[in-house]
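What follows is one structure encoded as structure tokens, with my remarks underneath.
The values are calculated or read from the model by the stated rules, or taken from the named source; none is laboratory data. All values derive from a computational prediction rather than experimental measurement. Don't worry about glycine lacking a Cβ; one is built from the backbone with ideal geometry, like all the others, and counts go over all protein chains shown. In case anyone asks, the SASA skips ligands and DNA or RNA and just uses the protein heavy atoms, side chains included. Shrake-Rupley method; radii C 1.70, N 1.55, O 1.52, S 1.80 Å.
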There are 2 protein chains.
Amino acid sequence: MRELTVDLGERSYPIYIGEGLLQSAAVYFTKHGISKSSKLFIVSDTQVAPLYLSSLEDHLQSEGFQTASVVVEAGEGTKSLAVLEELVGKALEAGLDRKSAIVALGGGVVGDLTGFLAASYMRGVKFVQIPTTILAHDSSVGGKVAVNHPLAKNIIGAFHQPELVLYDLNTLQSLPRREVAAGLSEVVKEGLIWDREFVDWCAGHSKELLALEPAALEYALYKGCSVKAAVVSEDERETGLRAILNLGHTIGHALEAVAGYGELLHGEAIAIGMVGSAKLGVRYGAPQEVFDRTKSLLASFGLPVRLPGHLDTGAIMAAMMHDKKFEANKMVFVVPTAIGQVEIRNDVPAEWVREIVEELKREA
Amino acid sequence: MRELTVDLGERSYPIYIGEGLLQSAAVYFTKHGISKSSKLFIVSDTQVAPLYLSSLEDHLQSEGFQTASVVVEAGEGTKSLAVLEELVGKALEAGLDRKSAIVALGGGVVGDLTGFLAASYMRGVKFVQIPTTILAHDSSVGGKVAVNHPLAKNIIGAFHQPELVLYDLNTLQSLPRREVAAGLSEVVKEGLIWDREFVDWCAGHSKELLALEPAALEYALYKGCSVKAAVVSEDERETGLRAILNLGHTIGHALEAVAGYGELLHGEAIAIGMVGSAKLGVRYGAPQEVFDRTKSLLASFGLPVRLPGHLDTGAIMAAMMHDKKFEANKMVFVVPTAIGQVEIRNDVPAEWVREIVEELKREA
């Protein structure tokens, strides 16, 4: 078992990563100020709840906690104000008060939705995250919680830090292989922006990680969370440094939007985006290895590194322009300068980006 | 013009109270970090917008600000997640980004709704309050913002402090007389919990206040905001002291619920509640003058001090029990110990409260 602390002054909190943590959740809850007198309200979804919800509730109840739970539909559509309103109703019916705690058991969608519920219910109650996907390592650090609006994703939200995060590696064993790779894409990203040694380690352990070998997975999640924690500690409210976490996301978000959500998983779209950013880095003078290694590393995880040819370049460019509201011909990008190092450039010619999108379609 | 500061460390902000401030809003905006490069999004309601919105927008635009505005239906029904979702859509269409500021022009409903919009849009943008009722002096201090759920009022919200509050006394001149008195009820409350001298001053100036005489009004709002600011500075997140602001509210909320919203204005209901609390104070040993002066002071403002006889005592007791989830026979009350001084008691026998409700019906 590994532990790290997200250092945010008064709002600091621990992340525990290990096997079988769900079965000792009560110990960690108690240790971090969630007492048995606090009622617990657990939110999970239709994919995760059948696997882990009743055993978690049984465990907590046998340790003397009072729990109530609710299961939401799996999928991005659940991150809405309408579902939030339903959850508030259930929380009221369950008698949740200001001393209660709200627990998210699931992936990123459940974490974001439940986190915003915890941030806004009675103007804020305690929050615990139990992520059940690899991708959720990302949203479990930093306190960004939100729901979607029909016109924009994650537009209604808050910064609300959890009291603790429990990452039980056993819950990851049930993930489909494609989601494993897509989740690892964000883990690799943490290396690419911050830590060359960790990039080297990832390159040497792709097989173990794809096979969900616990020791490798524990280390990778520990390192991924640590990088994100270091960045977030310096910039909790996302006013500067935190932007480097968006490596690959400008192109990635545009691909998700143009392909329609579903064709490309988030981690797959940002893998292609990271290859594009590496190309940009080389144009700005980074060594060729930045591109070569980024591409081969992502490919070794079975992630796509080529842009699907049927996606229209104009539409991709328009989506980027819309997403970030860039000035006419200058775009902002996180650009690698070396393996494990990036800079933020706000002067990237849109023409270069267009050329790179075209190149990404042609190359294998 | 008077100015006071709500002292909350990094989140401190000024309140300006005076005549004609709407016409110099640009000066105060600029002084407090709302620059002309920040787009402004103004929310008002169908009662207030026809009177003041276009002149405010004209002024701001003539000073070089970019503004967009939206008018919501007046009334408590507007404080909903559905309206919040509409406003987020309009804000997106208006191109609001993280550097923009959202302005509430109106009473408590507009302030609460717009404040929660500012708290949650893109996880929080700058917020400016321009209150147009006397009652809103209360919600303009302390950063409590929220919308309602069908099952509970103010249950979904945040603590989000404004950058500044502009209280233009001219906007109060259009208030109906009944709302003037109801608003002054909360002003008198600030005196009763904290400041005997201010209670004496109120008693000597009820006529001037009811006539909306600017000098008296300016002083009363300044003192009311100052008391609330002092309390909130010591307890921003409402963990202790801040509860004294609820003098009269336990009975008051129950009366509003049982009478149906509309029969009693909020300030009227809490006036009756404050008379009840004073009765309770005398039972606990406060001098008789606490009751006599509280009642005569409120009556001098034309506020009700007797509980409408047709309201059922059992229903009122049930509403109190439901509202605060009290233990079986012990209730929590803010209880006056002297004029300008209160204590919080958590051991009030429900039977005493029932007797006082009955007495409040009988006495003139």
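Close Cβ contacts (under 8 Å, 6 or more residues apart or on different chains) running from residues in segment B:346-364 that are on the phi < 0 side of the Ramachandran plot to residues that are of a type in the set (Ser, Thr, Tyr) and part of a helix (DSSP H, G or I) comprise B:ARG354/B:THR313; B:VAL357/B:THR313; B:GLU358/B:THR313; B:LYS361/B:THR313. Output the residues belonging to segment A:252-269 that are more than 13 Å from A:PRO308 (Cα to Cα) and open to solvent by less than 10 Å² (accessible area, probe 1.4 Å). If the condition is that a residue be more than 13 Å from A:PRO308 (Cα to Cα) and open to solvent by less than 10 Å² (accessible area, probe 1.4 Å), then A:GLY267 is the only one that fits.
Taking B:VAL232 as the residue in question, decide whether it is modelled with pLDDT under 95, in a helix (DSSP H, G or I) and surrounded by 18 or more Cβ atoms within 10 Å (Cβ to Cβ).
Values: modelled with pLDDT under 95: yes; in a helix (DSSP H, G or I): yes; surrounded by 18 or more Cβ atoms within 10 Å (Cβ to Cβ): yes.
Yes; evaluated as a whole, the condition is true for this residue.
Any chance segment B:250-260 includes a residue that's part of a strand (DSSP E or B), farther than 25 Å from A:LEU96 by Cα and more than 14 Å from chain A (Cβ to nearest Cβ)?
Initially, segment B:250-260 is screened for residues part of a strand (DSSP E or B), giving none.
No, segment B:250-260 has no match at all.
Scanning segment B:147-166 for residues that are within 7 Å of chain A (Cβ to nearest Cβ) and of a type in the set (A, V, I, L, M, F, W, C) turns up B:LEU151, B:ALA152, B:ILE155, B:ILE156, B:ALA158, B:PHE159. One residue alone among B:ALA216, B:ALA181, B:ALA211 is crowded, with 17+ Cβ neighbours inside 10 Å, without any contact (Cβ under 8 Å) to a residue 12 or more places away in the chain and over 24 Å from B:PRO162 (Cβ atoms), and that residue is B:ALA216. Taken over segment B:46-75, the criterion of being crowded, with 16+ Cβ neighbours inside 10 Å, part of a helix (DSSP H, G or I) and not aliphatic (A, V, I, L, M) is satisfied by B:TYR52, B:GLU57, B:HIS59. May I ask you to list the residues in segment A:55-84 that are over 20 Å from A:GLY107 (Cα atoms) and touching a Ser or Thr at 6+ places or on another chain (Cβ under 9 Å)? Within segment A:55-84, A:HIS59, A:LEU60, A:GLN61, A:GLU63, A:PHE65, A:GLN66 qualify.
In segment B:228-241, the residues that are free of Cβ contacts under 8 Å to residues at least 40 places away in the same chain reach residues that are part of a loop (DSSP other than H, G, I, E, B) with C-beta atoms within less than 6 angstrom, at least six apart or across chains, in these pairs: B:LEU241/B:ASP235. Among residues that are modelled with pLDDT of 95 or more, open to solvent by less than 20 Å² (accessible area, probe 1.4 Å), more than 25 Å from A:GLU186 (Cα to Cα) and in the same structural domain as A:TYR13 (by TED's automatic domain parsing), A:LEU87 is included. Starting from residues that are open to solvent by 20 Å² or more (accessible area, probe 1.4 Å) and within 14 Å of chain A (Cβ to nearest Cβ), keep the ones in segment B:133-146 and report whichever is modelled with the highest pLDDT. Top of the filtered list is B:LYS144. Restricting the first member to segment B:31-44 and to residues that are on the phi > 0 side of the Ramachandran plot, and the second to residues that are part of a strand (DSSP E or B), the beta-carbon pairs closer than 8 Å and six or more apart or on different chains are B:GLY33/B:LYS126. Restricted to segment B:93-104, and to residues there that are open to solvent by 30 Å² or more (accessible area, probe 1.4 Å) and farther than 16 Å from A:PRO150 by Cβ, the residue that is nearest to the other protein chains (Cβ to nearest Cβ) is B:ASP97.
Of all the listed residues (B:SER44, B:SER38, B:SER62), the sole one being under 17 Å from B:GLN129 (Cα atoms) and over 25 Å from the mean Cα position of the chain (by Cα) is B:SER38. Please verify whether segment B:79-92 includes one or more residues that are away from every other protein chain (no Cβ under 14 Å) and free of Cβ contacts under 8 Å to residues at least 40 places away in the same chain. No, that holds for no residue. Looking across segment A:274-301, the residues that are out of contact with any strand residue (DSSP E or B) (no Cβ under 9 Å at 6 or more places or on another chain) and either within 14 Å of A:GLU190 (Cα to Cα) or among the hydroxyl-bearing types (Ser, Thr, Tyr) (or both) come down to A:SER296, A:LEU297, A:LEU298, A:SER300. Of the candidates A:ILE193, A:ILE155, the single residue that is in contact with a strand residue (DSSP E or B) (Cβ under 6 Å, 6 or more places away or on another chain), open to solvent by 10 Å² or more (accessible area, probe 1.4 Å), of a type in the set (A, V, I, L, M, F, W, C) and modelled with pLDDT of 95 or more is A:ILE155.
Scanning segment A:105-120 turns up no residue that is part of a strand (DSSP E or B), touching a strand residue (DSSP E or B) at 6+ places or on another chain (Cβ under 7 Å), at the interface with another protein chain (Cβ under 10 Å from one of its Cβ atoms) and under 23 Å from A:GLN47 (Cβ atoms). Residues of segment A:177-191 that are of a type outside the set (S, T, N, Q) and closer than 15 Å to A:GLY108 by Cβ: A:GLU179, A:VAL180, A:ALA182, A:GLY183, A:LEU184, A:GLU186, A:VAL187, A:LYS189.
Quick one: is B:ALA278 free of Cβ contacts under 8 Å to residues at least 12 places away in the same chain and either assigned by TED's automatic domain parsing to the domain that holds B:VAL188 or of a type outside the set (Gly, Ala, Ser) (or both)? Lay out the reasoning, then the answer.
Numbers: free of Cβ contacts under 8 Å to residues at least 12 places away in the same chain: no; either assigned by TED's automatic domain parsing to the domain that holds B:VAL188 or of a type outside the set (Gly, Ala, Ser) (or both): yes.
Spelling it out, it is not the case that B:ALA278 is free of Cβ contacts under 8 Å to residues at least 12 places away in the same chain and either assigned by TED's automatic domain parsing to the domain that holds B:VAL188 or of a type outside the set (Gly, Ala, Ser) (or both).
Filtered by the rule that a residue be surrounded by fewer than 18 Cβ atoms within 10 Å (Cβ to Cβ) and at pLDDT below 95, segment A:13-45 gives A:GLY33, A:SER35, A:LYS36, A:SER37.
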